[in-house]
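A quick write-up on the structure given underneath.
The values are calculated or read from the model by the stated rules, or taken from the named source; none is laboratory data. Everything quoted here is computed from the prediction, not taken from an experiment. So basically every Cβ, Gly included, is an ideal-geometry build from the backbone, and we count neighbours across all protein chains shown. Side chains are part of the model used for accessible areas, which takes the heavy atoms of the whole protein and leaves out ligands, DNA and RNA. Shrake-Rupley method; radii C 1.70, N 1.55, O 1.52, S 1.80 Å.
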Amino acid sequence: MTLLEKVKAGVNEPRKVVRAVNQQYDTRVRRPDVDRTRVFEADWDNLLLLDACRFDLAADVFEADVAARWSGGSNSEEFLEFNLDGYEADDTVWVTANPHVSKYDDRIFEVVELWDTHWDEELQTVPPEAVVEATLAAAEQYPEKRLVAHFMQPHYPFIGQIGRERLPSHGSFTGNGIRTNGRAHEDIWTLLREGEVSREVVAAAYRENLELVLPHAEELVDVLDGRSVISSDHGNVFGREIGPIPMQLFGHPYGFRLDDLIKVPWVEYPADERRSTEAGEITTASPENTEKREQRLRQLGYLE
């Protein structure tokens, strides 16, 4: 394989260099001024986040009218940086299946860490039922706070029948421990890029994950007081050709401005009565829990 072929396929070290060049082009040249939504400035009492949900997928699956917003980031880390760096959400309780949120526990009134307390070892993720249960408990405990319920789905791993039966088994969000034909792979996107799995199966499993989580988010809309919004932190890309240096992009890397990654659903559910909210004193997690978060991120493949 020539260097150009490696660059276009995104293989090994050339991929990292080329991706960095394309990321800089994306943010500084192609789309430097996209109007990204600051979620805490939006009008809601309950924000229900479906992690890694593309706008076009939501528009196809949701029965409600789906508006589009531009996310603050192309992955969870960038989304949180954009919305919480320099901001204090001291009127907000964030129930999260995503460990990245806990990095900002000094910016949020309360972070309920389901990745710590409700991890499913078989699924290797937090199931949506746990998010509903914990969010309802938080609503009862903190009736004067805004609520964020952060589901992990439709983000990989795919927990539906297609994902569990037609894709290789996995050991984390990023797929550490996957072995196909005796070879180890980094994640589902590597498998897709190298042709070990088909785009059609991955896309079907991804859609299935959304179909599994959506009824749980809608249950919260029905039960929680106040105005609710269903949205996402970012999308996904399934091998789109990008430039100016040609390569294929997979997953949801940091710092890109492709529609596939930052165009997210925004579905509003108005309420006759709004919840009255007030700020409170922010307390941070204990050092022990911080260490466990880093351990979980490492297990998930986010840290070396």
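Cβ-Cβ distances below 6 Å connect the following pairs, each with a first residue in region 122-134 that is open to solvent by 20 Å² or more (accessible area, probe 1.4 Å), a second residue that is in a strand (DSSP E or B), and a separation of six or more residues or different chains: PRO127/ASP120.
Considering HIS150, HIS155, the condition of being modelled with pLDDT of 90 or more, assigned to a strand (DSSP E or B) and not aromatic (Phe, Trp, Tyr) is satisfied by HIS150 alone. Restricting attention to region 20-35 and to residues that are touching a strand residue (DSSP E or B) at 6+ places or on another chain (Cβ under 9 Å) and more than 14 Å from PRO246 (Cα to Cα), the residue that is most open to solvent (accessible area, probe 1.4 Å) turns out to be ASP35. Please verify whether THR92 is among the hydroxyl-bearing types (Ser, Thr, Tyr) and open to solvent by 10 Å² or more (accessible area, probe 1.4 Å), treating the condition exactly as stated. Against the criterion (among the hydroxyl-bearing types (Ser, Thr, Tyr) and open to solvent by 10 Å² or more (accessible area, probe 1.4 Å)), THR92 does not qualify.
Taking region 95-107 as the range and being in contact with a Ser or Thr (Cβ under 6 Å, 6 or more places away or on another chain) and either under 22 Å from PRO143 (Cβ atoms) or surrounded by 21 or more Cβ atoms within 10 Å (Cβ to Cβ) (or both) as the test, the residues that pass are VAL95, ASN98, HIS100, ASP105. Which members of region 210-220 meet the condition of being touching a residue at least 60 places away in the same chain (Cβ under 8 Å) and surrounded by fewer than 20 Cβ atoms within 10 Å (Cβ to Cβ)? Correct list: GLU211, LEU212, GLU219.
Taking region 191-209 as the range and being of a type in the set (Val, Ile, Thr) and open to solvent by less than 10 Å² (accessible area, probe 1.4 Å) as the test, only VAL202 passes. Restricting attention to region 221-236, the residues that are touching a helix residue (DSSP H, G or I) at 6+ places or on another chain (Cβ under 9 Å) and open to solvent by less than 30 Å² (accessible area, probe 1.4 Å) add up to 10.
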